[in-house]
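Q: Structure provided below as structure tokens; questions to follow.
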Amino acid sequence: MDLRTICAQGGRAHDVSGEPLTPPIVAASTFAFRDQRAVEEYYEEGRGWLYSRYENPTVREVETFLARLEGGEAAALFGSGMAAISTTLLALLSSGGRVAAQVGLYGGTAGLLRDTLSRLGVELVWLDPGEIAGVRPERIAGCRLLYLESPVNPTLRIVDLRAASRVAREAGAITVVDSTFATPVFQRPLELGCDLVVHSATKYLGGHCDLTAGAVIGSRDLVERIARQRRALGGVADPFAAFLLHRGLKTLPVRMEAHARGAAVVARALGEHPRVTRVHWPGFPDHPDHELASRQMSGYGGMVSFEVEGGASAAECVHDRLRLFVKAASLGGTESLVSLPARMSHRHMPREERERAGVTDSLVRLSVGLEAPEDLVTDLERALRG
Ligand code: PLP
């Protein structure tokens with residue numbers, strides 16, 4: 001079924017006659033049993049509800065919705081993208097195990113791997129962006145997991161998910177991909193051979209900058225394992241956030257098409273501007289991964305990054321002079337946002353690592369919102385004149 005139909009119908013696959021059309025917010029932390037027999041049925045047959053750190057009806061609605069969107073058997077929802085990512089990694093890795101990860105991951109994920117997981121005895125293999133397209137089996141030999149992100153923040157490089165996950169499978173490793181920038185509207189990693197897809201639902205999936213949530217989607221086996229770890233770590237989603245996320249998901253395809261249309265207009269205008277030295281947008285034929293993006297994704301997304309003549313101070317000047325673009329972290333909301341990655345999202349990354357990931361001091365990142373693209377172009381042109 002088309003994603004637009006699934007979303008418009010609230011992700012429900014069953015007949016909703018006699019039910020509320022939107023999921024009720026079940027705020028209860030605990031659930032009443034009729035008698036001990038009902039308690040036994042819960043434990044033995046999985047019938048009913050026990051406690052909201054274990055499962056919750058509002059959260060479950062969204063999990064079913066997300067599983068359908070990504071074409072997975074099951075999904076688990078979390079209180080943030082980082083809760084989803086950390087719980088997934090802690091569920092699948094143990095001390096002495098190895099994980100291969102691409103350079104240039106979202107800073108929080110890179111920090112988790114570099115600081116927390118290595119402290120717990122997990123061995124790391126960092127793969128350069130150029131290596132990912134043709135991962136050599138010997139590079140990931142002995143790895144339990146291959147962790148990827150595509151498109152990459154903020155350089156918008158694209159990882160060949162089909163090729164990478166094939167090599168990982170042959171090496172006996174599970175492939176996990178962060179698909180936050182693409183959303184299931186533009187990229188379906190499970191269909192490309194990846195085992196698990198993770199999202200910061202705080203971004204496009206929610207879509208209105210009014211909630212924090214995260215998700216992991218994949219086979220029932222793997223997701224149940226991660227959900228068991230979630231009980232222990234406790235990073236569950238709040239039912240009200242789940243309700244907001246459900247509401248946001250209903251318009252996801254419409255919003256993503258509009259974000260992508262706006263980003264294309266903004267990228268082309270920047271591409272023609274004499275003070276812009278480089279535009280990172282996978283829709284340009286001369287983008288290093290354009291052909292791969294066109295094959296792997298059904299749209300180029302709503303993010304655009306660019307570099308300005310004059311280095312860090314010129315980038316700061318353009319950033320400060322923008323009026324419509326809100327100066328803020330995050331992405332994927334209705335309002336266009338601007339940030340300087342080297343001084344915000346990648347601020348705590350060691351300089352050497354940042355440069356390896358292609359995050360220069362003159363890089364400006366835009367999350368193109370749902371405003372009229374012409375207004376955004378006018379704002380950028382005015383800021384660039386400064
Ligand atoms: N993955 C990506 C690509 C992100 O950009 C972010 C946050 O910016 C995260 C994961 C973490 O998500 P959250 O902030 O919801 O914990």
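Q: Give the residues of the stretch 259-268 that are in contact (Cβ under 8 Å) with a residue 40 or more places away in the chain and open to solvent by 30 Å² or more (accessible area, probe 1.4 Å), sorted by residue number.
A: Matches in the stretch 259-268: R261, V265.
Q: Right, something else. Name the single residue, out of those in the stretch 180-207 being among the small types (G, A, S) and over 26 Å from R139 (Cα atoms), that is nearest to the ligand (Cβ to nearest atom).
A: S200
Q: Filter the stretch 289-317 down to residues that are away from the ligand (no atom under 16 Å from the Cβ) and surrounded by fewer than 24 Cβ atoms within 10 Å (Cβ to Cβ), then give me how many there are.
A: The number of residues fulfilling the criteria is 19.
Q: OK, next. What are the residues in the stretch 270-282 that are of a type outside the set (V, I, T) and surrounded by fewer than 20 Cβ atoms within 10 Å (Cβ to Cβ), if any?
A: Passing the criteria: G271, E272, H273, P274, R275, R278.
Q: Please determine, by comparing only the residues of the stretch 332-375 that are touching a residue at least 40 places away in the same chain (Cβ under 8 Å) and in contact with a Phe, Trp or Tyr (Cβ under 7 Å, 6 or more places away or on another chain), which one is farthest from F186 (Cα to Cα).
A: Here the answer is V364.
Q: Now for a separate question. For T22, state whether it is among the polar types (S, T, N, Q), within 25 Å of A241 (Cα to Cα) and in contact with a Phe, Trp or Tyr (Cβ under 7 Å, 6 or more places away or on another chain).
A: So T22 fails the test.
Q: Name the residue, out of D238, D286, D320, that is within 16 Å of the ligand (Cβ to nearest atom) and open to solvent by 10 Å² or more (accessible area, probe 1.4 Å).
A: D238
Q: Could you give every pair whose Cβ atoms fall below 9 Å, whose first residue belongs to the stretch 60-76 and is free of Cβ contacts under 8 Å to residues at least 40 places away in the same chain, and whose second residue is assigned to a helix (DSSP H, G or I), counting only separations of at least 6 or pairs across chains?
A: Listed pairs, sorted by first residue: R60/A242.
Yes or no, residue by residue, for (1) closer than 27 Å to S367 by Cα; (2) open to solvent by less than 20 Å² (accessible area, probe 1.4 Å):
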| residue | (1), (2) |
| --- | --- |
| S95 | no, no |
| A101 | yes, yes |
| D128 | yes, no |
| V135 | no, yes |
| L146 | no, yes |
| S150 | yes, yes |
| P154 | yes, yes |
| A168 | no, yes |
| S179 | yes, yes |
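Q: It is to be established whether one or more residues within the stretch 248-258 are polar (S, T, N, Q) and closer than 18 Å to R60 by Cβ.
A: Within the stretch 248-258 (the criterion being polar (S, T, N, Q) and closer than 18 Å to R60 by Cβ), the answer is no, since none of the residues qualifies.
Q: Can you say whether R347 is over 18 Å from the mean Cα position of the chain (by Cα) and more than 30 Å from L245 (Cβ to Cβ), as far as the supplied structure shows?
A: no
Q: If you check L205, L233, L211, which single one turns out to be out of contact with any Pro (no Cβ under 7 Å at 6 or more places or on another chain), within 28 Å of R347 (Cβ to Cβ) and without any contact (Cβ under 8 Å) to a residue 40 or more places away in the chain?
A: L211
Q: Let me ask something additional. Given the conditions (1) at positive phi; (2) open to solvent by less than 20 Å² (accessible area, probe 1.4 Å); (3) not hydrophobic (A, V, I, L, M, F, W, C), report the number of the one that G358 does not fulfil.
A: (2)
Q: Which of the residues that make up the stretch 344-355 are of a type in the set (K, R) and either surrounded by fewer than 14 Cβ atoms within 10 Å (Cβ to Cβ) or touching a Cys at 6+ places or on another chain (Cβ under 6 Å) (or both)?
A: Within the stretch 344-355, R347, R351 qualify.
Q: Quick check, is D375 in contact with a helix residue (DSSP H, G or I) (Cβ under 7 Å, 6 or more places away or on another chain), at pLDDT 90 or above, open to solvent by 30 Å² or more (accessible area, probe 1.4 Å) and among the charged types (D, E, K, R)?
A: no
The values are calculated or read from the model by the stated rules, or taken from the named source; none is laboratory data. This one's a predicted model, so the numbers in the text were calculated from it and none came from an experiment. Here Cβ is always computed from backbone atoms with ideal geometry, including for glycine, and neighbour counts include all displayed protein chains. Just so you know, the surface numbers come from the protein's heavy atoms only, side chains and all, with ligands and any DNA or RNA stripped out. Shrake-Rupley method; radii C 1.70, N 1.55, O 1.52, S 1.80 Å.
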